[in-house]
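In what follows, a single structure is set out as structure tokens and then discussed.
The values are calculated or read from the model by the stated rules, or taken from the named source; none is laboratory data. Just so we're clear, the structure is a prediction, and the values are computed from it rather than from any experiment. Glycine gets a Cβ as well: all are built from the backbone with ideal geometry, and neighbour counts include every protein chain shown. SASA here: full protein model, heavy atoms, side chains in, ligands and nucleic acids out. Shrake-Rupley method; radii C 1.70, N 1.55, O 1.52, S 1.80 Å.
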Amino acid sequence: MTGGQKRGETGTAERVQVLRLKSGRTEQELASELGLTIHSYSDLEQHDEELESAVSIAQALKLANLLQTDLLVLLGETEIPVKMPIARVRSALNAQLGNSAEAREVMEDTINWDLGPFLEGSDEWTTVYTIDFVRQLAIAIEVDWQVLLAGIAAG
């Protein structure tokens, strides 16, 4: 049981495993679909924090889709929040940071991530970042992380 998990609650790893078994897929099938090694995929079913820290947002979204669920549900969120379009977040952050390299550097130091791919808005940005990035960004801009993740999942 992880630190934030209460007795009787299932963790993220267990939810992934239960949904995989329900889907009739093997670990190897999902690993292949996600571009992971079997060992890396197995970690998703053994360690609750793996889905948030070890795979990209794009891989997490694809896993949720393959398991026919919502990413926030897979992460254990019972209430799906309002969705904030991620393009709006990107625009607001770009406006806030302006052309100030110093402001951007402070923000990057605060969240401990390079903002380049996110601020550039390329379609591939979700392959660069993890859900942990979304959490750190949300804290920095004072927005609920689930709202940001829902906006990405919708986008």
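The figures follow:
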item: 0 to 90° range, to nearest 10: angle between helix 57-66 axis and the chain longest Cα axis; result: 30 degrees
item: Helix 12-23 vs. the chain, principal-axis angle (Cα, 0 to 90°, nearest 10); result: 60 degrees
item: Computed Kirkwood radius, in angstrom, where 1/r is averaged over Cα pairs of segment 48-103; result: 13.6 Å
item: Apportionment of accessible area to carbon and sulfur, segment 5-106, percent (1.4 Å); result: 48 percent
item: Tilt relative to the chain, helix 145-154 - C-alpha long axis, 0 to 90 degrees, to 10; result: 80 degrees
item: Accessible surface, the chain, averaged per residue in Å² (probe 1.4 Å); result: 55 Å²
item: Distance from segment 133-155 to segment 13-28 (C-alpha centre basis), Å; result: 26 Å
item: Gain upon complete extension [R90, T110; 0.36 nm per residue less C-alpha separation]; result: 5.5 nm
item: Chain lengthening between E33 and V128 when straightened (0.36 nm per residue, less Cα-Cα); result: 32.4 nm
item: Cα principal axis extents for segment 18-63, largest first, Å; result: 26, 19, 19
item: Spatial extent of segment 67-155: Rg and Dmax, with the Cα atoms as the point set, Å; result: 13.2, 43
item: Within-12-Å neighbourhood charge of A138 [Cβ basis; K, R +1; D, E -1]; result: -2
item: GluC sites (Glu not before Pro) within segment 81-152, DSSP loop, no more than 16 other Cβ atoms inside 10 Å; result: E124, E142
item: Unit Cα scatterers, Debye sum, segment 3-82: log10 I(q)/I(0) for q = 0.13, 0.17, 0.19, 0.20 Å⁻¹; result: -0.35, -0.61, -0.76, -0.85
item: Cα-based radius of gyration of the chain once divided by 2.2 N^0.38 Å, which approximates compact folds; result: 1.09
item: Semi-axes of the equivalent ellipsoid for segment 108-155, Cα gyration tensor, largest first, Å; result: 15, 15, 8
